[in-house]
Amino acid sequence: MEYYRPQHLKRVLQLLGGGKGKAKLIAGGTNVIPDLRGKTIQPDALIDLSHLKSLSYIKEGNKSIRLGALTTIAQMASSKVIKNYAPILSEAAQQLGNPLVRNRATIGGNLSDASPAADTAPPLLALDARIITENATNNKKAIPIDQFFKGPNQTVLKRDEMIKEIIVPKWTSPHIKTAYIKLGLRNSMSISVISMALWIDVEEMFCKQIRIGLGAVAPTPIRALKTEEMVTGKEITPDLIEACGSELKKEVRPITDIRASAEYRREMASVLFKRLIERVTFEQRE
């Protein structure tokens, strides 16, 4: 296996597009190193991104927040900008791994690994984020995050492409409420049994718009589109919440693994949804 440690993004993209076979990018290494040790990946080349400091940033614009692909989870967890405008992303970052992992793991790595249980994916789905990619010919794409994941550990990224940044819209309406929850087998350092992020524009118990992002309940992180459709344009009532919880159980496609059964995940998807929407609508009443 060849090892490269380029100093500039242009060189990284050249290596990716230069016919090096199965090249693998590595930044924090929190996913790649265990995969190498377990021989679940066997790349021909390893491209180390640790010197590309230009891709580590959190920039606030008038309408959006831009996150460089090499921004660490710890930086996101402590960012006042993210806490103010995307609190569910901050909450997810604070619950990812342990301090050592958060100091090394990057947002780009967490997304490109494409684990169905990726912690940052549900809040970014709920926030309607976009992923900006680039290749050696300077071809840039803006991919809606709900179109980014193809399957377990599979994305739409081509061999010569990499994530450059993530764009998160800023939502400043006082009627927008968000909530996030992660269920694991222990209180810290756990992989999600199920995680859920909720974004809702609600006024006087009337839902104008809603987005629900889920992790670990399908082959990829998903949006609960059918459940969202049931809520949008309606007054939120106990009967509606109950009906949506039942619909959500049908919409998810969980598996049984060492952490939980498919039946448990399906049931908890309904339970957690009810908790989150009741939490944000209670805030609305306040």
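Values quoted throughout were computed directly from the atomic coordinates according to the rules given, and no laboratory measurement underlies them. From a predicted model like this one, the values you see are computed outputs, not experimental measurements. Note: ideal-geometry Cβ built from the backbone for every residue, glycine included; neighbour counts use all protein chains shown.
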13 Å Cα-Cα reach of residue 170 towards aspartates and glutamates, excluding residues that sit fewer than 8 places from it in its own chain: 60, 128
From the C-alpha coordinates alone, can you work out the Kirkwood hydrodynamic radius of the range 119-190, in Å? 14.4
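What does the convex hull of the Cα atoms of the range 157-262 come to per residue, in Å³, rounded to a whole number? Display every interim value, and only then the final one.
Values: hull volume 17.4 nm³, N = 106.
So the per-residue hull volume is 164 Å³.
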Taking R0 as 41 Å, what's the FRET efficiency between residue 267 and residue 22 from their Cβ-Cβ distance, rounded to 0.05? 0.55
How large, in Å, is the chain by the Kirkwood hydrodynamic radius built from its alpha-carbon pairs? 19.5
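For residue 226 and residue 81, what does the FRET efficiency come to when R0 = 25 Å and r is the distance between their Cβ atoms, rounded to the nearest 0.05? Numbers along the way, then the final one.
Working: r = 33 Å, r/R0 = 1.32.
The pair residue 226/residue 81 has a calculated efficiency of 0.15.
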Under a cut-off of 17 Å between alpha-carbon atoms, report the aspartates and glutamates in cross-link reach of residue 24, not counting same-chain residues fewer than 8 places apart. 2, 35, 44, 48, 113, 134, 160, 161
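Can you figure out the FRET efficiency of residue 256 with residue 64, using R₀ = 45 Å and their beta-carbon distance, to the nearest 0.05? Numbers along the way, then the final one.
Working: r = 39 Å, r/R0 = 0.87.
Efficiency, rounded to the nearest 0.05: 0.70.
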The range 52-90 to the range 241-279: how many Å between their Cα centroids? 30
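Ranked highest first by the average count of other Cβ atoms within 10 Å around their residues, in what order do 122-130, 2-10, 238-246 fall? Let's see the in-between values first.
On the way: 122-130: 25.3, 2-10: 12.7, 238-246: 14.7.
Order by mean packing, descending: 122-130, 238-246, 2-10.
Using only helices, what value at 222 nm comes out for the chain when you add -39,500 (n - 2.57) per DSSP H run of length 4 or more and divide by the total residues, to the nearest 500 deg cm²/dmol? List each step's numbers first, then the result.
Values: 11 runs with 99 residues, N = 286.
Computed mean residue ellipticity for the chain: -10000 deg cm²/dmol.
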Residue span residue 141 to residue 206: 0.36 nm per residue of separation minus Cα-Cα distance leaves a gain in nm of 19.8 nm
If every alpha-carbon in the range 2-169 counts as one equal scatterer, what log10 I(q)/I(0) does Debye give at q = 0.08, 0.17, 0.19 1/Å? -0.21, -1.04, -1.32
Give me the base-10 log of I(q)/I(0) for the range 193-242 at each q in 0.30 Å⁻¹, Debye formula, one uniform scatterer per Cα, rounded to two decimals. -1.12
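Does the range 60-128 classify as rounded, prolate or oblate by the C-alpha gyration tensor (a ≥ b ≥ c root eigenvalues; a/c under 1.5 gives rounded; else a/b over b/c gives prolate, otherwise oblate)?
Since a/c reaches 1.5 and a/b is larger than b/c, the shape of the range 60-128 is classed as prolate.
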